[in-house]
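Enquirer: My questions all concern the structure below.
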Amino acid sequence: MAKKNWLALALTPVVALGLVAGMACGGDDDDDSNGGTTPAATQTEQNGSSNGGSDDGAVEVPEGAPVIDQDNLKFIPTELTVKSGEDVYFLNSETAIHTVTINGENESGNMRRGDVFVWTAGEPGEYQITCDFHPQMKATITVE
């Protein structure tokens with residue numbers, strides 16, 4: 001009888017750990033009722049730069065601004081040309097966590113669904129964009 005109690009006590013932490021790990025890796029717990037797209041005015045900025053005077057942390061993507069969407073495990077579009085000094089807006093439209101890694105440097109940190117990262121184009125040249133979690137995600141930004 002004592003052996004059964006010892007075994008139950010020994011396995012309890014293992015079972016509990018498995019349950020916690022299962023919950024952390026569980027399905028989509030987002031409460032979005034908008035089908036996976038979040039209006040740009042409610043996006044969270046990741047890089048801490050000015051967002052046009054809004055005090056609530058929301059980023060407004062100006063109409064006509066260059067945008068790269070992270071959706072369906074792709075950057076859309078895969079090629080973009082902008083002028084030096086222009087802001088490029090990266091949106092994460094899906095539940096997968098993504099990064100904006102530019103020329104091998106993670107610039108955005110981890111982006112969750114609905115997050116926006118704003119990158120200001122620097123010197124003219126080609127910039128290779130990847131995601132640290134999804135190596136198939138690739139894009140090129142040409143800065144003129």
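The numbers here are math on the coordinates, done by the rules we state, and not lab data. It should be emphasised that the depicted structure is a prediction, and the values quoted were computed from it without experimental measurement. Note: ideal-geometry Cβ built from the backbone for every residue, glycine included; neighbour counts use all protein chains shown.
Enquirer: For Gln70, what is the net charge nearby, where nearby means another residue's Cβ is under 10 Å from its Cβ and Lys, Arg count +1, Asp, Glu -1?
Expert: Neighbour charge sum, excluding Gln70 itself: -2.
Enquirer: Same structure again: Please give the residues of region 103-132, grouped as numeric ranges, whose backbone N is less than 15 Å from a label point set 7 Å along the Cα-to-Cβ vector of Asp87.
Expert: Flagged as within label range: 116-122.
Enquirer: Residue separation times 0.36 nm, minus the C-alpha to C-alpha distance between Asn103 and Asp71: what's the value?
Expert: 9.5 nm
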